[in-house]
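Colleague: Could you have a look at this structure, given as structure tokens, before my questions?
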């Protein structure tokens, strides 16, 4: 089970050299994300709903050598937890997961029960950074 941490703890780790990998969709990432984050979607949004990204593991392994220190985050902690579990199953270490994601952990009624990255007042940015967007990561895959 991956270690689950708060946004504040995640921010502290970024100051120590960890990289934040945002596993939300391209559109979610573009709207706003933690400053400095890299986008590798765990799922893609389409008219049919959410579908798994078949390139997730390959993209992650291409972008980050095994010794990389990574914080995984999503919107509310569900996708990033699943991504962390999948990556740990491949032998990855030095992974932690931001349990509340960008938008906060919510109860069954949709009410925020623990603040996420954005509501915690941590550094954010918008857009698709040239070297950190999904398109940039995907373009470096050997299969592309």
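Nothing in this text is a laboratory measurement; each read-out follows from the coordinates by a stated rule. Owing to the predicted nature of the structure, the values given are computational and were not obtained by experimental measurement. Note that each Cβ is placed from the backbone with ideal geometry, even for glycine, and that neighbours are counted across all protein chains shown.
Colleague: What ranking do 72-83, 19-30 get when scored by the average of other Cβ atoms within 10 Å per residue, highest first?
Modeller: Working: 72-83: 23.6, 19-30: 21.4.
The peptides rank, most packed first, as 72-83, 19-30.
Colleague: Let me check against my output: what whole-number percent is the relative contact order of the range 3-139, with C-alpha pairs under 8 Å and at least 6 apart? Let's see the in-between values first.
Modeller: On the way: 270 pairs, mean separation 42.9, N = 137.
Relative contact order here is 31 percent.
Colleague: Also: What is the order of 1, 50, 43, fewest Cβ neighbours within 10 Å to most? List each step's numbers first, then the result.
Modeller: On the way: 1 8, 50 13, 43 19.
Ranking 1, 50, 43 by Cβ neighbours within 10 Å, fewest first, gives 1, 50, 43.
Colleague: Turning to a different aspect of this structure: What is the extension gain from residue 125 to residue 93, computed as 0.36 nm multiplied by their sequence separation minus the C-alpha to C-alpha distance, in nm to one decimal?
Modeller: Once the chain is fully extended between residue 125 and residue 93, it gains 8.8 nm.
Colleague: If you don't mind, another one. Taking square-rooted eigenvalues a ≥ b ≥ c of the alpha carbon gyration tensor, is the chain rounded, prolate or oblate, where a/c under 1.5 means rounded and, failing that, a/b exceeding b/c means prolate? Please report the intermediate quantities before stating the final value.
Modeller: Values: a/c = 1.38, a/b = 1.22, b/c = 1.13.
Taking the square roots of the gyration eigenvalues as a ≥ b ≥ c, the chain is rounded.
Colleague: As a check on your grasp of the helix formula, calculate [θ] at 222 nm for the chain: sum -39500 (n - 2.57) over DSSP H runs of n ≥ 4, divide by the residue count, round to the nearest 500. Mind showing how you got there, number by number?
Modeller: Working: 5 runs with 41 residues, N = 144.
When only DSSP H runs of four or more count, the value is -7500 deg cm²/dmol.
Colleague: Order these by the 10 Å Cβ neighbour count, fewest first: 134, 117.
Modeller: Working: 134 22, 117 29.
Lowest count first: 134, 117.
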